[in-house]
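Contents: one structure, followed by commentary.
The values are calculated or read from the model by the stated rules, or taken from the named source; none is laboratory data. All of these numbers come straight from a predicted model, not from anything done at the bench. As a convention, Cβ positions derive from the backbone with ideal geometry for all residues, glycine included, and neighbour counts pool all protein chains shown. When the accessible area is computed, the model is the full protein with side chains, heavy atoms only, and any ligands, DNA or RNA have been set aside. Shrake-Rupley method; radii C 1.70, N 1.55, O 1.52, S 1.80 Å.
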Amino acid sequence: MNRHADVLIIGAGIIGAATAYFAARSGLAVTVLERDLPAGGTTSRCEGNILVSDKELGPELELTQYSLGIWKGELAEHAGLWEFESKGGIIVASQESSLASLERFSTAQRSFGIASERLDAGRLRELEPHVTDRALGAAFYPEDSQVQPILAAAHLLRLARDAGAELVTRAPVTALLRSGERVTGARTPRGDFSAAHVVNATGTWAGEIGALAGVSVPVLPRRGFVLVSEPLPPMVRHKVYAAEYVDNVGSSDEGLQASPVVEGTPAGSILIGSSRERVGFDSTVSPAALRTIARNAIELFPFLERTRILRHYHGFRPYCPDHLPVIGHDPRAPGLWHAAGHEGAGIGLSAGTGKLLAQALAGETPDIDLTPFRPERFAEEAAA
């Protein structure tokens, strides 16, 4: 087992896996530490979204476009491994006020180069025949895509290992190694691992790793539930959600927020979301959240009232107060890098995050400026 590497990545979820792949492919010696088994956290508790439709103008949308280009470009040859689908997304408005807001939102995105098509009620029902009769109109985003997230993480790790990376499982990090102010590795029950660069890719738990280095990384858990239906014939052709979803994604409220998000899967089951609430790491099942998700979904697709739900699952999105991920080197703890806080967009943004971080780790200029995502920005705001 190689105890020294160029890059030591803590966390084998989708972000860590993508970073490992691109770093190893660039010729860096990479070791990945995972406290349990790969993709055991948020990556295994989500829907696998790669969405441009819910992003407001700004750095996250730029990162989304970049990442989508990687999924559809240099990773396209592996698309079948993780069930990549360019299914497209549809945002539905059932009130005049939401329709007006959706039009303003979509117009702004189109000015940024996002493909979006206005749909009147008739055209919407051609694309989604079972949608509610209350729908007044919608916006169609053909670039919205989907992957099976566990498969994506697993195969990216396999590709990383094919390129020379090493994966060490059941190795929780108990301390970070230091040489003066510099972070030089990590201590685990399986031994010490040293590296020129240490990457914190632990998702919702990124704050805990930051604390080991004496720095504050305000990534917080935001709990969400998903319902899974019985297998059905194709009933929902795209990823379909209500216009209110965009507002919920950008909200910082702690209380329960829910808006309908409905999509089919290759296996026939329908995935139904979504909810958001900040309750710490409380993993208790919330009947109130499940009822609200079901009620909202039925309002969007009435046929769901007659559909059996086989199971539900939930996880914790890694949330940052300003809704931007933390990506890059942390000057407060030299040698420590972060790649976390992507909230519900981590699957889609993983490819871009991994490639940009690998470029920076290799001493190259990243394709996109990482300044808006700098880890120390929260400390700068507090000091201002």
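With respect to T365, determine if the residue is of a type in the set (S, T, Y) and open to solvent by 40 Å² or more (accessible area, probe 1.4 Å).
On the way: of a type in the set (S, T, Y): yes; open to solvent by 40 Å² or more (accessible area, probe 1.4 Å): yes.
Yes: the conditions hold for T365.
Does segment 253-263 contain at least one residue that is more than 19 Å from the chain's Cα centre (by Cα) and within 29 Å of I9 (Cα to Cα)?
Scanning segment 253-263, I find no residue that is more than 19 Å from the chain's Cα centre (by Cα) and within 29 Å of I9 (Cα to Cα), so the answer is no.
Residues being touching a helix residue (DSSP H, G or I) at 6+ places or on another chain (Cβ under 7 Å) and of a type in the set (S, T, N, Q): count how many of those fall in segment 146-160. Reasoning before the result, please.
So the first thing to find is which residues in segment 146-160 are touching a helix residue (DSSP H, G or I) at 6+ places or on another chain (Cβ under 7 Å), and the list is 147-153, 155-157, 159-160.
If we keep only those that are of a type in the set (S, T, N, Q) too, we end up with 148.
Summing the residues that are touching a helix residue (DSSP H, G or I) at 6+ places or on another chain (Cβ under 7 Å) and of a type in the set (S, T, N, Q) in segment 146-160 gives 1.
Can you tell me which residue among S283, S275 is of a type in the set (G, A, S), in a strand (DSSP E or B) and at pLDDT below 95?
S275
Can you confirm whether I9 is part of a strand (DSSP E or B) and either within 19 Å of G344 (Cβ to Cβ) or free of Cβ contacts under 8 Å to residues at least 60 places away in the same chain (or both)?
The answer is no for I9.
Determine whether A297 is in contact with a Lys or Arg (Cβ under 9 Å, 6 or more places away or on another chain), within 21 Å of I270 (Cβ to Cβ) and either open to solvent by less than 10 Å² (accessible area, probe 1.4 Å) or in contact (Cβ under 8 Å) with a residue 60 or more places away in the chain (or both).
So A297 does not fit the description; no.
Of everything in segment 331-357, what is open to solvent by less than 10 Å² (accessible area, probe 1.4 Å) and under 13 Å from P218 (Cβ atoms)? Give them in sequence order.
Selection gives H338, A340, G341.
Mind listing whichever residues of segment 94-116 are open to solvent by less than 60 Å² (accessible area, probe 1.4 Å), among the polar types (S, T, N, Q), farther than 20 Å from P142 by Cβ and part of a helix (DSSP H, G or I)?
S98, S101
Picking from E77, E83, E60, E96, which residue would you name as being closer than 23 Å to P129 by Cα and among the charged types (D, E, K, R)? Step through it out loud before you land on a result.
Details: E77 fails: closer than 23 Å to P129 by Cα; E83 fails: closer than 23 Å to P129 by Cα; E60 fails: closer than 23 Å to P129 by Cα.
Going through E77, E83, E60, E96 in turn, just one is closer than 23 Å to P129 by Cα and among the charged types (D, E, K, R): E96.
Show me the strands (runs of 3 or more DSSP E) entirely contained within segment 146-264 in which 2 or more residues are open to solvent by 30 Å² or more (accessible area, probe 1.4 Å). Let's see the steps before the verdict.
Values: elements: 166-168, 175-179, 182-188, 191-200, 220-229, 239-242, 257-264.
Passing ranges, in order: 166-168, 175-179, 182-188, 191-200.
Scanning segment 2-24 for residues that are over 21 Å from G210 (Cβ atoms) and touching a Leu at 6+ places or on another chain (Cβ under 7 Å), which turns out most open to solvent (accessible area, probe 1.4 Å)?
This residue is D6.
Take the residues of segment 320-337 that are in contact with a Gly (Cβ under 7 Å, 6 or more places away or on another chain) and assigned to a strand (DSSP E or B): which is farthest from G280 (Cα to Cα)?
Filtering first and then ranking leaves W337.
Can you report the number of residues in segment 25-48 which are of a type in the set (S, T, N, Q), at pLDDT below 95 and surrounded by fewer than 24 Cβ atoms within 10 Å (Cβ to Cβ)?
Result for segment 25-48: 1.
Would it be correct to say that G80 is open to solvent by 60 Å² or more (accessible area, probe 1.4 Å), free of Cβ contacts under 8 Å to residues at least 24 places away in the same chain and assigned to a helix (DSSP H, G or I)?
Taking the combined requirement at face value, the residue satisfies it.
Specify which of the listed residues (A24, A20, A39) is in contact (Cβ under 8 Å) with a residue 40 or more places away in the chain, touching a helix residue (DSSP H, G or I) at 6+ places or on another chain (Cβ under 6 Å) and within 19 Å of R223 (Cβ to Cβ).
Within the list A24, A20, A39, the selection yields A39.
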